[in-house]
Amino acid sequence: VNDIPVVTFTLPDDQMCIDEAAVVLSGGLPAGAGGVYTGLGVAAGSFTPATAGAGPHTLTYTYTDGNGCDDVKTDVMTVNDIPVVTFTLPDDQMCIDEAAVVLSGGLPAGAGGVYTGFGVAAGSFTPATAGAGPHTLTYTYTDGNGCDDVKTDVMTVNAIPVVTFTLPDDAMCIDEAAVVLSGGLPAGAGGVYTGLGVSAGSFTPATAGAGPHTFTYTYTDGNGCDDVKTAVMIVNALPVIAFSLADDQMCINEDAQEIVTYTPAGGVLSGGGVVGTKYDPSTTVVGVHPIKYKVIDVNGCADSLIDNMTVNAQPVVTFALADKRMCIDEAPQAITLVSPLGGFFTGEGTTGVKGIDYDPATTTADVHTIKYFYTDGNGCTNQAQDNMTVDPLPVVVLADDTICDKSSTAFDVGAGFKTYQWSQHGVGQSQSTIATVAGQYFITVSNQFDCVISDSAILVVNPIPNPELGADTAMCAGDIIELNPGTSHALIYQWTPAGNQATLSVSTTGEYKVKVIDNIGCFNTDSIFVQKQELPVATMGNDTTMCDNGYDHLTLRLQYSGNKELLWSTNDKNVDSVVVGETGAYWVQITDSNSCFVKKTIDVSRLCPDYKFKWPNVMTPNGDGKNDEFHPYAIDDSNFQQVMANMEKINFVVFDRWGVKVFQSEKVIPRWDGKFNGGDLPAGTYFWIVRYSNSAGNSYEDTGYLTLIR
């Protein structure tokens with residue numbers, strides 16, 4: 001009888017939360033393979049609280065010893081539920097520049113609750129630390145049993161709006177009208193402008209007064225976040241000016257005068273007669289004209305003052321010339337048609353005093369303006385004028401000229417004259433005359449004003465060179481001919497198409513011209529047409545080979561068209577082929593009807609066949625025409641001579657079985673009829689030797705056994 005084992009079971013931890021992971025059970029003694037844990041939530045020695053469920057659970061430890069005796073002990077495992085946790089932020093939107101806030105909204109509240117997340121410290125959330133954007137905040141609550149649950153909510157941190165404020169115009173004059181403020185961005189209902197002189201979004205510079213003024217632009221976005229920017233508006237005072245005319249009376253024809261009685265400088269004068277900084281009465285009408293001086297200072301602010309200018313009329317003056325056109329060489333005329341008296345004259349051809357003569361000889365050929373000036377009691381002047389046309393004498397320039405013999409020149413005095421009269425060598429009443437004879441040519445012309453002048457020119461006539469290229473000619477392709485104009489003294493040569501030498505070498509078809517110029521520029525030309533004749537066309541084929549054995553021959557052929565004269569290097573004439581029996585270079589000269597010729601050549605080199613004999617091994621000299629003789633294969637009357645021509649030497653010997661020579665021949669094709677000394681040799685085996693060399697330069701020795709059958 002065995003005792004039951006002494007078993008104890010005390011759980012190391014008898015409290016678990018329902019969401020904890022399974023734990024391997026322990027605390028049962030003795031430990032080891034004989035121990036088994038059982039109970040609700042127990043599987044394979046592990047306890048899973050979620051499987052067991054909340055509440056107390058009795059777990060059993062059974063131990064069986066080696067004798068099969070066992071004992072059982074129990075302990076209680078309490079499974080606790082996790083707490084019910086909720087988390088809703090009272091305000092889930094903040095601006096990034098807001099102060100830190102103490103977090104709330106997590107339930108159950110109390111010491112067991114802890115807030116965590118980006119930007120959270122000691123239960124408070126700082127938006128600037130978290131940064132703009134959504135942030136997940138966590139609320140963890142742990143109850144008295146150590147069980148906890150976690151909930152989250154999202155806190156959105158909104159960036160403050162990016163606000164800029166730049167006034168479109170940061171300076172105004174104090175007298176400007178109120179302006180609606182702008183330049184703050186973002187624009188819209190969220191933006192508000194404030195500052196001295198600002199009301200309902202508009203700024204009145206007169207209300208603010210002169211000086212700098214700071215404006216504030218506050219913009220609040222849809223999230224309630226705002227930013228503030230400032231800008232400075234300068235209100236400028238108007239400039240202080242003074243203005244009065246030093247001379248407020250002018251004649252309408254006076255020269256413009258500077259207006260200098262104004263301060264400060266840099267303003268703008270305006271009104272009838274004002275041109276820049278001058279007053280010009282000629283630009284307005286007689287009467288009183290208000291003149292304004294307006295100053296715009298560096299700030300763009302302006303003010304103005306007005307003074308009056310009186311413009312007086314000119315006196316009425318008349319003047320006319322009795323004769324308005326004169327030649328430059330005419331006698332002077334008196335000036336009498338003028339009113340009122342007491343004035344003076346100006347202009348070329350006058351002396352300034354009434355009643356003088358107008359003298360065209362003292363002036364130039366042109367249209368001259370003569371003016372009469374008169375000043376009235378107001379100091380105002382007027383003038384009258386008339387034009388005197390002084391006509392020039394005709395201008396004729398005839399230059400001396402030099403021409404070459406057999407040419408002509410034209411002496412031309414130009415168009416536009418009224419009459420022409422040539423004399424001496426030049427004859428006629430035209431603008432020009434053709435001059436071919438050496439001598440002096442005179443011309444007298446009048447212009448449209450009937451003024452007359454004469455001139456003359458000398459003509460020199462020089463001889464010309466006389467080039468001669470000869471009659472048109474022809475040449476063969478490849479030839480060069482020299483063209484010589486035949487002139488004998490130092491001249492300038494101009495060849496066409498190109499060249500400047502005394503003679504010209506040509507090789508192509510064309511017309512060639514030469515212009516020969518002497519040292520005084522006289523020239524003459526000649527031309528010649530040169531026809532290039534193409535060489536005759538013929539072909540002989542490629543270089544070839546032959547065996548110069550005295551038997552073989554080669555036919556050389558020429559291909560050509562038309563009638564040609566032919567001369568072969570073999571002295572054959574006017575035949576299109578020749579037969580040659582030796583190697584070497586052969587040519588044929590082909591001459592056409594234009595006497596142009598060409599040579600065609602062909603090289604014939606040595607190449608001989610390498611002839612070898614083939615032999616039978618049986619001989620039957622029975623007179624049936626088959627194998628009656630022993631000789632090489634494929635040799636008969638048709639090729640015997642050719643084969644022999646290609647053989648340099650032949651030695652043929654036949655021996656019987658005892659080594660007796662029974663047949664021998666030299667320098668002929670081997671041929672044996674089976675006889676010895678005129679008698680038939682008996683049937684049997686015979687040994688033969690053939691030694692030979694051919695035209696190809698190769699030597700051979702053939703040997704063999706021949707069976708003679710009777």
Query - Test: residue in the range 74-94 that is without any contact (Cβ under 8 Å) to a residue 24 or more places away in the chain and closer than 30 Å to residue 135 by Cβ - result: yes
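Condition check ((1) out of contact with any Ser or Thr (no Cβ under 7 Å at 6 or more places or on another chain); (2) within 24 Å of residue 463 (Cβ to Cβ); (3) crowded, with 17+ Cβ neighbours inside 10 Å) across all residues:
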position: 392; (1), (2), (3): yes, no, no
position: 401; (1), (2), (3): no, yes, no
position: 410; (1), (2), (3): no, yes, no
position: 432; (1), (2), (3): yes, no, yes
Requested in this report: With the condition kept exactly as written, say whether any residue in the range 261-272 is surrounded by 17 or more Cβ atoms within 10 Å (Cβ to Cβ), in contact with a strand residue (DSSP E or B) (Cβ under 9 Å, 6 or more places away or on another chain) and closer than 30 Å to residue 196 by Cα.
Outcome: no
Query - Enumeration of residues in the range 189-198 that are in a loop (DSSP other than H, G, I, E, B), open to solvent by 50 Å² or more (accessible area, probe 1.4 Å) and either out of contact with any His (no Cβ under 9 Å at 6 or more places or on another chain) or acidic (Asp, Glu) (or both) - result: 189
Report task. Search the range 338-389 for residues being surrounded by fewer than 16 Cβ atoms within 10 Å (Cβ to Cβ) and among the hydrophobic types (A, V, I, L, M, F, W, C), and hand back the single one that is modelled with the lowest pLDDT. Result -> 353
Query raised in the report: Within the bounds of the range 462-482, is there any residue that is modelled with pLDDT of 90 or more and more than 60 Å from the chain's Cα centre (by Cα)?
Result: no
Requested in this report: Tell me, please, whether a residue that is open to solvent by 50 Å² or more (accessible area, probe 1.4 Å), at pLDDT 90 or above and among the polar types (S, T, N, Q) can be found in the range 223-237.
Outcome: yes
Requested in this report: Please list, ordered by first then second residue, the pairs with beta carbon atoms under 7 Å, 6 or more apart or interchain, first in the range 606-629 and under 15 Å from residue 670 (Cβ atoms) and open to solvent by 40 Å² or more (accessible area, probe 1.4 Å), second among the β-branched types (Val, Ile, Thr) and not in a loop (DSSP other than H, G, I, E, B).
Outcome: 611/643; 617/707; 627/618
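Tally the residues that are in a strand (DSSP E or B) and open to solvent by 80 Å² or more (accessible area, probe 1.4 Å), restricting the search to the range 293-312.
Within the range 293-312, the subset in a strand (DSSP E or B) is 293-296, 302-312.
Then drop every residue that is not open to solvent by 80 Å² or more (accessible area, probe 1.4 Å), which leaves 294, 296, 306.
Within the range 293-312, residues that are in a strand (DSSP E or B) and open to solvent by 80 Å² or more (accessible area, probe 1.4 Å) number 3.
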**Report entry** Residues within the range 59-99 that are among the polar types (S, T, N, Q) and either under 18 Å from residue 22 (Cβ atoms) or in contact with a Lys or Arg (Cβ under 7 Å, 6 or more places away or on another chain) (or both), tallied
**Finding:** 4
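Could you please find all residues in the range 313-337 being open to solvent by less than 40 Å² (accessible area, probe 1.4 Å) and either within 20 Å of residue 382 (Cα to Cα) or aromatic (Phe, Trp, Tyr) (or both)? Write out each step before concluding.
Filtering the range 313-337 down to residues open to solvent by less than 40 Å² (accessible area, probe 1.4 Å) leaves 315, 317, 319-321, 326-327, 333, 335.
Within the range 313-337, 315, 317, 319, 320, 321, 335 meet the criteria.
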Query raised in the report: For the range 208-222, does any single residue satisfy the condition of being open to solvent by less than 60 Å² (accessible area, probe 1.4 Å) and among the hydrophobic types (A, V, I, L, M, F, W, C)?
Result: yes
Query raised in the report: Consider residue 245 against the criteria (1) among the aliphatic types (A, V, I, L, M); (2) in a loop (DSSP other than H, G, I, E, B); (3) surrounded by fewer than 17 Cβ atoms within 10 Å (Cβ to Cβ): it satisfies all of them except one. Which criterion is unmet?
Result: (3)
Query raised in the report: Among the residues of the range 113-136, is there at least one that is surrounded by 18 or more Cβ atoms within 10 Å (Cβ to Cβ), assigned to a strand (DSSP E or B), of a type outside the set (Phe, Trp, Tyr) and touching a residue at least 40 places away in the same chain (Cβ under 8 Å)?
Result: no
Report task. Restrict the check to the range 522-538 and report whether at least one residue is open to solvent by 50 Å² or more (accessible area, probe 1.4 Å) and within 30 Å of residue 605 (Cα to Cα). Result -> yes
Query raised in the report: Failed condition for residue 511, given (1) without any contact (Cβ under 8 Å) to a residue 40 or more places away in the chain; (2) assigned to a strand (DSSP E or B); (3) over 55 Å from the mean Cα position of the chain (by Cα), with all others met?
Result: (3)
Report summary line: Among 551, 586, the single one that is aromatic (Phe, Trp, Tyr) and outside any strand (DSSP E or B) is 551
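The values are calculated or read from the model by the stated rules, or taken from the named source; none is laboratory data. Bear in mind that the values here come from a model prediction, so they are computed numbers and not experimental data. As a convention, Cβ positions derive from the backbone with ideal geometry for all residues, glycine included, and neighbour counts pool all protein chains shown. The accessibility values were calculated without ligands, DNA or RNA, using every heavy atom of the protein model including side chains. Shrake-Rupley method; radii C 1.70, N 1.55, O 1.52, S 1.80 Å.
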